[in-house]
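Written out below as structure tokens is the structure these notes cover.
The values are calculated or read from the model by the stated rules, or taken from the named source; none is laboratory data. Everything quoted here is computed from the prediction, not taken from an experiment. Cβ sites come from the backbone with ideal geometry, for glycine too, and all protein chains shown count toward neighbours. Side chains included, ligands, DNA and RNA excluded: accessible areas come from the protein's heavy atoms. Shrake-Rupley method; radii C 1.70, N 1.55, O 1.52, S 1.80 Å.
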Amino acid sequence: MKAENVTDTTVDGRGEGRARHRARSPLIHPGPLPALLTAALAGAVAGTAALGQGALLPAVVVLQAVTAAGWFRLNGMWPARQGIALAFAGGLAADAALLLAPEDRVPHAMMGALGGWFLLVLLLQLRHRGSAEERLDSLTATAAATLLTVVAAAHLAAAGVDGATVVTAALGVAAAALARSVPGPAALGVVLGLLAGAGAGAAAGAAGWGAGGAAGWAVAAGAAGGCCALAGLRTASYDFPSRFVHFTAGVALPLTAAAPAVYPLAHAAA
């Protein structure tokens, strides 16, 4: 794996255009098409979470695969097939561990999977033949990608506690991503995203999808999902990403970022 200059998003496709674009802004928002894909993936999570962990598993696996690929490209590392495969396998190991673990041992199972995969990442980096800087870039990108794919499994863990919370948070992610993609000032997009997330939660609560039918919890879960989605979109906008980044990291990170919030919210709601 080798670090490269991620400046392939251009206005006119030429080096001069890239230089002018770099001088103007360090951030490029993914835009409406990735937001639609995020909404579709979040809709798949919302539509299956209420049916149980087995039904939700395929959507989580897709989320983990797109997260792993997008994170490496976002960090300017391509090709990185070995690292992507390793991070994705870490996510699958976490899925299997939490599905097999007793309910009160799910956090321990996920931490065990993460610790085991971190050790494997370190061992594989010992075989890296690049320079010290390249080895450090490879190690940090692989470790971070592994962490994110394992964290994405928290959606699956939360569905085993309270599926309604996962449904509501996923709807909040979808609404916030779509609202944030509306053209206009960035600050306005953030406000619209937060309001849309909370609004999606309120709608879910009105439909009886809140924890125990509680509308207040539904609004909180929707707002939390929307806030995390905005953080994920902000991360996917850094470093002049390419269209590949927008359609991987820009699609997956809003939903992946919500996973750490969904799990404790599900426990609190239950």
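Please grab the % of Cα pairs in the range 122-240 that end up more than 16 Å from each other. Cα-Cα pairs in the range 122-240 separated by more than 16 Å: 66 percent. What fraction of the Cα pairs in the range 177-237, stated in percent, has a spacing above 14 angstrom? The proportion of pairs with Cα distances above 14 Å equals 52 percent. In the chain, the DSSP-assigned H stretches of four residues or longer account for a calculated mean residue ellipticity at 222 nm of -25000 deg cm²/dmol, using -39500 (n - 2.57) per stretch and the full residue count as denominator.
Per atom type, the chain shows carbon and sulfur on 67% of its accessible surface, probed at 1.4 Å. In summary, the helical segments of the chain meeting the span-like criteria, namely a full DSSP H run, a Cα extent along the axis of 24 angstrom or more and a mean Kyte-Doolittle hydropathy of at least 1.6, are 186-206. Can you give me the distance in nm between label points at ALA50 and ARG243, each placed 7 Å from the Cα along the Cα-to-Cβ direction? Going by the 7 Å Cα→Cβ label model, 3.7 nm.
Each Cα pair under 8 Å and six or more residues apart adds its separation to the average, and for the chain the resulting relative contact order is 29 percent. Evaluate the Debye formula for the range 51-148 with equal point scatterers sitting on the alpha carbons, no solvent, and hand back log10 of I(q)/I(0) at q = 0.13, 0.14, 0.25 Å⁻¹, in q order, two decimals. Result of the Debye calculation: -0.47, -0.54, -1.29. A full extension of the chain between ARG135 and ALA40 corresponds to an added length of 30.6 nm, given 0.36 nm per residue minus the alpha carbon distance. Once the Cβ-Cβ distance of LEU120 and ALA231 is raised to the sixth power relative to R0 = 30 Å, the FRET efficiency obtained is 0.60.
Each of ARG135, ARG127 has its accessible area taken with a 1.4 Å probe; listed largest first, they run ARG127, ARG135. Note on the chain: the C-alpha convex hull projects to 14.0 nm² when averaged across all orientations.
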